[in-house]
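To start, the structure itself, in structure tokens.
The values are calculated or read from the model by the stated rules, or taken from the named source; none is laboratory data. Note that the structure is predicted; figures quoted are calculated from it, not measured. Glycine also receives a Cβ, built like all others from the backbone with ideal geometry; neighbour counts cover every protein chain displayed. Accessible surface is based on the protein model in full, side chains and every heavy atom, while ligands, DNA and RNA are left aside. Shrake-Rupley method; radii C 1.70, N 1.55, O 1.52, S 1.80 Å.
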Amino acid sequence: MATVHVPILVGPMIEALVTPLLNLTADAESHWIVDCTLGGGGHTAALLKRLSERRELQKHKILAVDRDPSAVVAARTRFAREISEGRLQVIQSRMSELVDWVAEHPVMGLMADLGFSSDQIESGERGLSFMKEGPLDMRLNPEEGQSCREFLAVVRELDLVKILREYGEERFAGRIAGAIIKSRREKNLPKTTSELAHLITRAVPPAARHGRIHAATRTFQALRIAVNDELEELDSLLERVILRVKIGGCIAILSFHSLEDRKVKFGFRVNGLEPTTKKPIEPSEEEVRINPRARSAKLRLAIRVEENT
């Protein structure tokens, strides 16, 4: 299946990742760049193209990883030639499971796009967005863990309030959680994305139902994070995986909401990385015009400068 995903901030991300490779000596061994979130393959494709453009870069390789089995299958078809040439490996894995692989290979760059790909959002059967009718699932890997509906069937109300407040920064977390738990008690828990979005809209005050963003946006964000253990995965990436990247290597992480961005900023600071810019890089007005999903993106870049102690 062809991808509909448009990668974000490709230029600055790819150039930052390639620069450490250009600084290696001519006789240096082949090194790796790891794409921890393959998704639609946009960043991997751009990186493959960049590595092919200069002779001194052509020996280096890419490991592309995703926990979504459909993304892996699609990439193995799309990049069949690059895989057969040994320029690319594609595997199914969580970010947290990469620690040993990165430790055992000369990795000079690592990138992660913490957003969902358009392919995933546009797939109604995933239930990731209220914009597409589908079952209340939300799992990146439908073969593991609880679906969103299964999660809502057992979560405690206080825990749900905390999730909506912390992961979604939802000011009406108490009202929304109460409405969800009430529907559960009445054996009328939503089964689809539209049913949940409708319940959320009814739960918030009338004045909040027609704001700049849909009333269900923050709740869906929070539930996606909870169902997929996204913050735990990010913590593992920041606390363990990036510490296996070689000294001088680049880490590039693209986030889409303040909770993730704060974690990335703090993780860089406490784990021996040197940011290459004072502030995160944001998309230009032109990029946002072409791809509205880029509007909240923030790219943080850092260089590994200290040995893991």
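Of the GluC sites (Glu not before Pro) found in region 153-204, those that fall in a DSSP loop while having at most 16 other beta-carbon atoms within 10 Å are GLU169, GLU186. Using all pairs of distinct alpha-carbon atoms, the Kirkwood hydrodynamic radius of the chain works out to 20.4 angstrom. Each of ALA46 and LYS279 was given a label point 7 Å from its Cα along the Cα-to-Cβ line. The distance between the two points is 2.1 nm. Across every direction, the projection of the convex hull enclosing the Cα atoms of region 1-88 has a mean area of 5.7 nm².
The stretch between VAL270 and GLU286, if pulled fully straight at 0.36 nm per residue, gains 2.3 nm over its current Cα-Cα span.
Going by a ≥ b ≥ c, the root eigenvalues of the Cα gyration tensor, does region 208-288 fall in the rounded group (a/c under 1.5), the prolate group (a/b larger than b/c) or the oblate group? List each step's numbers first, then the result.
Working: a/c = 3.03, a/b = 1.58, b/c = 1.92.
Oblate.
Accessible area per residue was computed with a 1.4 Å probe on protein heavy atoms; SER96 scores about 30 Å². When SER296, SER236 are compared by accessible area of protein heavy atoms, the largest-first order is SER296, SER236, using a 1.4 Å probe. A 1.4 Å probe, protein heavy atoms only, puts the accessible area of ASP100 near 100 Å².
Taking the protein heavy atoms of the chain in the context of the full set of protein chains, the accessible area attributed to carbon and sulfur is 50 percent at 1.4 Å. The overall shape of region 1-159 is prolate: from the C-alpha gyration tensor, with semi-axes ordered a ≥ b ≥ c, the ratio a/c is 1.5 or greater and a/b exceeds b/c. Using Cβ point charges alone (K and R +1, D and E -1), the dipole size of region 49-176 about the Cα centre works out to roughly 480 debye. List the relative contact order of region 40-123 as a percent without decimals, with contacts defined as Cα pairs under 8 Å and 6+ residues apart. Once normalised by length, the contact order is 30 percent.
Across the chain, the relative contact order, built from alpha-carbon pairs under 8 Å that are at least six residues apart, equals 19 percent.
The modelled label-to-label distance for the pair LYS191/ALA153, using points 7 Å beyond Cα in the direction of Cβ, is 1.2 nm. The Cα center of region 22-49 and the Cα center of region 269-309 differ in position by 17 Å. Distance between the 7 Å Cα→Cβ label points at ALA207 and LEU231: 2.9 nm.
In debye to the nearest 20, how big a dipole does the chain give about its Cα centre with +1 on each Lys and Arg Cβ and -1 on each Asp and Glu Cβ? Each step should come with its number before you reach the end.
Numbers: 46 positive and 44 negative charges, 209 e Å.
Using Cβ point charges on Lys, Arg, Asp and Glu, the chain gives about 1000 debye.
How many percent of DSSP beta bridges within the chain run antiparallel, rounded to 5?
So the antiparallel bridges amount to about 40 percent of the total.
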